[in-house]
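Student: After the C-alpha cells below, expect a handful of questions from me.
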Amino acid sequence: MKRGLLIILSGPSGVGKGTVRKELFKDDSLNLAYSISMTTRIPRPKEVEGVDYFFVSVNEFEEKIKNGELLEYAKFVGNYYGTPQEYVDQLLDEGKNVLLEIEVQGALQVIDKRRDALTIFLVPPSLKELEKRIRGRRTEEEAVVQERLSKATKEMATKDEYKYVVCNDNVKSAADKIANIIRENL
Ligand code: 5GP
C-alpha cells in the first residue's frame, strides 16, 4: 500500500486553523486522518478527551518527551502541546493522509525531520482581523490574549519556511485551496 502524505497545517494562534481543518475533513475523497495532539492545557468547555486532545498532566507529558515518543512538541503560552509519533506513522502506513494542525515551533521541527511533508501556513487577511478573532473567542483573560497576539506577530515571520501559504479570508475558500494543494501533492 502507498504510504500516506504527512500534512502540516500551521499558522499563528487564532488564524482559524481548527475551523479550516474541520471544513477540510468534510471532503472524504481526501482520505484524511487527524493527528490528535497531547496537551497539558485545561480543556475548554465542549472539548472532548480523545477527540480534541488527549489531556495529560505535566509529568505524563515530560515522560513522553524523555522516552522520545513525540514527533514534535512545544510549550505554547504556558502549556505543552505535542504529536504522538507512533500513531501518526501507523496511520501513514495504513495509507491515510495525516494532517497535523500545530503551532509554528512544532511545525519547524517536523519540517526539519520529515522533508517529504506537505507544509501549509495559514495567514489572516490582516493582524487587526487576527486580534478580532482571538478576542471573539472570549475564553481567555486579557494577559493571555496579549501574549497570543505578540506571539502571532513573531509566528508570521516564519511563513517562508513552508511550501505553501494560504490566506484564511474565508473558511470555505481557504479549505478549497488547501484541498487542491493536497490533491496536487498526492
Ligand atoms: P489551543 O490552546 O488554542 O487549542 O492551541 C494553541 C496552539 O497549539 C494552536 O496554535 C494549535 O494549533 C497548537 N497545537 C495543537 N496541538 C499541537 C501539537 O501537537 N503540537 C504543537 N506544536 N502545537 C499544537
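Student: Taking R0 as 41 Å, what FRET efficiency do you get between V58 and L127 from their Cβ-Cβ distance, rounded to the nearest 0.05?
Tutor: Details: r = 32 Å, r/R0 = 0.78.
Rounded to the nearest 0.05, the efficiency is 0.80.
Student: I need the shape label for the stretch 64-186. Rule: rounded when a/c is under 1.5, else prolate if a/b > b/c, else oblate, with a, b, c from the alpha carbon gyration tensor. Let's see the in-between values first.
Tutor: Values: a/c = 2.03, a/b = 1.23, b/c = 1.65.
Oblate is the answer for the stretch 64-186, as a/c is 1.5 or above yet b/c matches or exceeds a/b.
Student: What helices does the chain hold that run 15 Å or longer along their axis, going by alpha-carbon atoms, with a Kyte-Doolittle average of -0.5 or more, using DSSP H for the helix calls? Don't jump to the answer; show the numbers that get you there.
Tutor: Details: long enough: 142-156 (21 Å, -0.67); 171-185 (21 Å, -0.27).
The answer, listed by residue number, is 171-185.
Student: Restricting to the stretch 29-136, what percent of DSSP beta bridges are antiparallel, rounded to 5? Don't skip to the answer; put the middle values down first.
Tutor: Details: 8 of 15 bridges.
Of those bridges, close to 55 percent are antiparallel.
Student: Then there is this: With both partners inside the stretch 1-88, how many of the DSSP beta bridges are antiparallel, as a percent to the nearest 5? Write out the running numbers ahead of the final one.
Tutor: Numbers: 8 of 12 bridges.
So the antiparallel bridges in the stretch 1-88 amount to around 65 percent.
Student: If the limit is 26 Å between Cα atoms, which of K22/K75; K17/K75; K46/K154; K22/K46; K46/K66; K22/K163 go over it?
Tutor: Details: K22/K75 24 Å; K17/K75 18 Å; K46/K154 30 Å; K22/K46 15 Å; K46/K66 31 Å; K22/K163 21 Å.
Table pairs above 26 Å Cα-Cα are K46/K154; K46/K66.
Student: By the gyration tensor of its Cα atoms, with a ≥ b ≥ c the square roots of the eigenvalues, what is the shape of the stretch 1-76: rounded for a/c under 1.5, prolate for a/b over b/c, or oblate? Walk me through the numbers before you get to the answer.
Tutor: Values: a/c = 1.92, a/b = 1.34, b/c = 1.43.
Taking the square roots of the gyration eigenvalues as a ≥ b ≥ c, the stretch 1-76 is oblate.
Student: Looking only at T83, T153, T119, which one moves most when the chain is put into a Gaussian network model with springs between Cα atoms under 10 Å?
Tutor: T153
Student: Right, next: Compute the FRET efficiency between D28 and V165 as 1/(1 + (r/R0)^6), taking r as their Cβ-Cβ distance and R0 = 22 Å, and round to the nearest 0.05.
Tutor: Numbers: r = 26 Å, r/R0 = 1.19.
Taking R0 as 22 Å, the efficiency between D28 and V165 is 0.25.
Student: Give me the percent of DSSP beta bridges within the chain that run antiparallel, rounded to the nearest 5.
Tutor: On the way: 8 of 27 bridges.
Beta bridges within the chain, antiparallel portion: roughly 30 percent.
Student: Testing the spin-label approximation: label points 7 Å from Cα along Cα→Cβ at R183 and K2. State their distance in nm.
Tutor: 1.5
Student: Give the aspartates and glutamates whose C-alpha is closer than 12 Å to that of K64, dropping any in the same chain fewer than 8 places away, or say none.
Tutor: Candidates past the 8-residue exclusion: E72, E86.
Student: First check a/c for the stretch 69-127, with a ≥ b ≥ c the square roots of the eigenvalues of its C-alpha gyration tensor; if it is under 1.5, answer rounded, and if not, answer prolate when a/b is larger than b/c or oblate otherwise. Walk me through the intermediate numbers first.
Tutor: Numbers: a/c = 2.10, a/b = 1.35, b/c = 1.55.
Oblate.
Bear in mind these aren't lab numbers, they're just calculated from the coordinates by the rules spelled out. If you're wondering where the values come from, they're calculated on a predicted model, not measured in any experiment. Virtual Cβ from ideal backbone geometry, glycine too; neighbours counted across all protein chains shown.
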